[in-house]
Amino acid sequence: QVQLVESGGGLVQPGGSLRLSCAASGISFSMYTMGWYRQTPGKQRELVATITSSGNTNYADSVKGRFTISRDNARNTVSLQMNSLKPEDTAVYYCKATLVSIGRWGQGTQVTVSS
């Protein structure tokens, strides 16, 4: 049974930092491209960052230079370090595991950036 469990969300002030983690089970983790996506009410889910099985990363322009995605294949986890957070980063953040055309989603974790 595939499970992706996100953690680390919460309330943070503008300019602050948060670190999200996603623990995966039931998949051959090292083979998957892992990604973080986010969604706000009334909007489509959007890509934040991805990391391939070989470690290549890709970021949305809106988070480049502020967010860093990383993976630990020994622990089957992917993390998203978020610095210099802005109110517009407020969203539910989802972890996704992708292998070819098969995608698996976590349940999401809320990130709120507000003073």
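The values are calculated or read from the model by the stated rules, or taken from the named source; none is laboratory data. All figures in this text were calculated on a predicted structure; none of them were measured in a lab. Every residue, glycine among them, receives a Cβ derived from its backbone with ideal geometry; neighbour counts consider all protein chains shown. The protein model used for the area step is the full one, side chains on, heavy atoms only, and it has no ligands, DNA or RNA in it. Shrake-Rupley method; radii C 1.70, N 1.55, O 1.52, S 1.80 Å.
Highest GNM mean-square fluctuation among 49, 74, 24, for the chain modelled with Cα contacts below 10 Å: 74. Ranking 36, 105 by solvent-accessible area of protein heavy atoms (1.4 Å probe, all protein chains present), from largest to smallest, gives 105, 36.
Here the spin labels are modelled as points 7 Å beyond Cα on the Cα-Cβ line, and at residue 23 and residue 102 they lie 2.3 nm apart.
Modelled spin labels at residue 56 and residue 74, positioned 7 Å past Cα toward Cβ, are 2.6 nm from each other. Just checking the listed ones, 79, 62, 70: in the Gaussian network model of the chain with Cα springs under 10 Å, the one fluctuating most is 62.
Report in % the part of the accessible area of segment 1-93 that belongs to carbon and sulfur, leaving out ligands and nucleic acids; probe 1.4 Å. Taking all protein chains in place, segment 1-93 shows 45 percent carbon and sulfur surface. Phi angles of segment 76-93 translate, via the Karplus equation with coefficients 6.51, -1.76, 1.60 and θ = phi - 60°, into HN-Hα couplings of 6, 10, 10, 10, 9, 8, 10, 10, 6, 5, 10, x, 6, 7, 4, 4, 8, 9 Hz per residue; Gly and Pro are given as x. Test of understanding: extend the Cα→C-beta vector of residue 110 to 7 Å, then name every residue of segment 1-32 with backbone N under 12 Å from that spot. Hits in segment 1-32 for residue 110 at 12 Å: 9-12.
When the surface is traced with a 1.4 Å probe over the full set of protein chains, residue 45 keeps roughly 90 Å² accessible. The residues of the chain expose on average 53 square angstrom of accessible surface per residue, using a 1.4 Å probe on protein heavy atoms. Given in Å, the Rg to one decimal and the Dmax to the nearest whole number for the Cα atoms of segment 25-115 are 13.1, 41.
With a simple spin-label model that places each label point 7 Å from the Cα along the Cα-to-Cβ direction, the separation between residue 46 and residue 64 comes to 1.5 nm.
Can you give me the C-alpha center-to-center distance between segment 30-69 and segment 83-115, rounded to a whole angstrom? Segment 30-69 and segment 83-115 have Cα centres separated by 8 Å.
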